[in-house]
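The values are calculated or read from the model by the stated rules, or taken from the named source; none is laboratory data. Model, not experiment: these values are computed from the prediction. Using ideal geometry, Cβ is built from the backbone for each residue, glycine included, and neighbour counts are taken over all protein chains shown. To get the accessible areas, we keep the full protein, side chains included, count just its heavy atoms, and leave off ligands, DNA and RNA. Shrake-Rupley method; radii C 1.70, N 1.55, O 1.52, S 1.80 Å.
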Amino acid sequence: MISTHTLIAALEGAPDIIISLVREVPPENLKRRPSPNKWSAHEHACHISTADTAYLSRLELMLSDPSPYIRSMVPSPEEESGSLLSMDLDETLDQYVRQRTRLVKRLKELSSEDWQRTAEHEEYSHYSVLIMFRQLLTHEMLHACRIEELMLKKGWEETSS
């Protein structure tokens, strides 16, 4: 099982990785979708940047409620149809860094018992604080992979924006 120190360090470093990937995407391609139903690099970055507040709320619920229930998080129909494209990318990334700093500070305060706290999850067979934050990291890295794929994509001129 991953150590909490390793997980916290990875979460702390994730914004550096993601922001540097976003900055490598040619500006003319940042908001280009590879197909009408697939997100652009801009949308992936904005989506990642909005998660920490929800995860902090989940954490506080899991630490305070003896029988917490966690609902799945899915992109809204508005996000799927392009609402993230209207977000200011620089402002959103700055917010991501600030919120991640706050999240990491909170995670460093947790006891080993806190990390093992559990909840019933709408979708998963079992769920703990450790699983939740490991999932946050893997979710971000999935979106980082999509950003990198878009940054490296050949043939943009052959697809519609």
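Comparing segment 45-161 with the 2.2 N^0.38 Å rule of thumb, its C-alpha radius of gyration ratio is 1.24 (two decimals).
Sequence-ordered 3J(HN,Hα) estimates for segment 130-141 from the Karplus curve with 6.51, -1.76 and 1.60 and θ = phi - 60° stand at 4, 4, 4, 7, 5, 5, 4, 5, 5, 4, 4, 5 Hz, glycine and proline given as x.
Reducing segment 105-161 and segment 39-69 to their Cα centroids gives an inter-centroid distance of 10 Å.
Measuring nothing but how far apart in sequence close Cα pairs (under 8 Å, 6+ apart) lie, relative to its length, the chain scores a relative contact order of 41 percent. Here the mean projected area of the convex hull built on the C-alpha positions of segment 108-161 is 6.3 nm². Residues of segment 137-157 with an amide N closer than 20 Å to a point placed 7 Å from the Cα of residue 20 along the Cα-to-Cβ direction: 137-153. Close Lys pairs in the chain (alpha-carbon distance under 30 Å; sequence gap of 8 or more, or different chains): 4. Using C-alpha pairs under 8 Å with a sequence gap of at least 6, the mean separation divided by the residue count of segment 42-104 gives a relative contact order of 65 percent. Just the protein heavy atoms count here, and of the accessible area of the chain at 1.4 Å, carbon and sulfur take up 53 percent. Loop-located trypsin sites (Lys or Arg not before Pro) in segment 73-161 (DSSP state not H, G, I, E or B) with no more than 16 neighbouring Cβ atoms inside 10 Å: 153, 154. Taking θ as phi - 60° and the Karplus parameters 6.51, -1.76 and 1.60, the scalar couplings of segment 109-117 work out to 8, 6, 7, 5, 5, 4, 4, 8, 4 Hz in sequence order, x denoting glycine and proline.
Legend: residues 90, 16, sorted from most to least accessible area (1.4 Å probe; ligands, DNA and RNA excluded), read 16, 90.
Counting only heavy atoms of protein chains, what accessible area per residue, in Å², does the chain have with a probe of 1.4 Å?
Here the per-residue accessible area is 55 Å².
Applying a DSSP loop filter and a limit of 14 other Cβ atoms within 10 Å to the GluC sites (Glu not before Pro) in segment 94-161 leaves 109, 122, 123.
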